[in-house]
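Derivation of every value follows stated rules applied to the coordinates shown; laboratory data play no part. Note that the structure is a prediction, hence the values are computed from the model and not measured.
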Amino acid sequence: MGHDILRILERWSQPYRERLAEQIAAMEKQEMQLTPEELQWLATARSSTRKLFLGNGSSGIVPVSGTGWTQILTQFALDAGTHWKLAAHQMRRLYAYTFVRHRLGDMLFLKEQFKHSSIEMTQLYGANPVQDAGLYDDILIELMTYKAGVVAQWLEKDEPLAGGAGFKIRQMRAQDEGCGGSGIYAKGTCSECGNGLIDSRFIPIWQEAYRHHKELKNDATAMGPGVVKRVERDLAQAANILKDLGVQVDAGDEDAQVASC
């Protein structure tokens, strides 16, 4: 959807950009020496030729300002039949998404977006404790969602990967064939697998497995040493996994109670 919106905005702003290019060309052809004001306009106009949000201002075609957006959004809300005081700063979700994307690179984009005079000002803006806390929650959510999507894409069978870590992930994906847990989780088979990965979401499952095998321990005695050995092995596996996940197992508790540390 984002790319579709950009393409629409490119078509919408094209007439403005073409008219601006004509105005720049006409000013550059002037034989008379340009005034400081005209030189300033020319510099601003050149920097605006690739911008999407352009409009008619008192000095010609200019980028839409923050004040202009407030007026536009207010009228947009009224045209939609609502009295909601829509404002540019309320576009929190899109801002958070954009911020997360560029945080993975550098802060130059944010500096330009905020019209800050220096990188230090952008850094100070991001570190200011009086900024809207809810906005930073949105940013964190978007960051975690983006990271989860990146990792999920790495695990796709046909996703090309490069680099040292990419080679290791490709190896892991190759070993996924025929794996019941898909290299992630399957109780009873992933516990000792070198490619297994068990996280805190599965603590309740392993707690139940631990309790269940504690109960089976007495019944297994009547079924022979082979069954006893299997139950003891599975019980030890469950206990080790719970300990690795930070859960304390009380081996002396006859009711097999498991408590978090």
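Numerical summary
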{"read-out": "Nonlocal amide H pairs with LEU54, under 5 Å, H built at 1.01 Å", "value": "VAL64"}
{"read-out": "Net length gained if the chain between LEU9 and LEU42 were fully extended (0.36 nm per residue, minus Cα distance)", "value": "9.5 nm"}
{"read-out": "Gyration tensor verdict on the range 2-89 (Cα atoms; rounded if a/c is under 1.5, prolate if a/b is larger than b/c, oblate otherwise)", "value": "prolate"}
{"read-out": "Net length gained if the chain between THR74 and GLN30 were fully extended (0.36 nm per residue, minus Cα distance)", "value": "11.8 nm"}
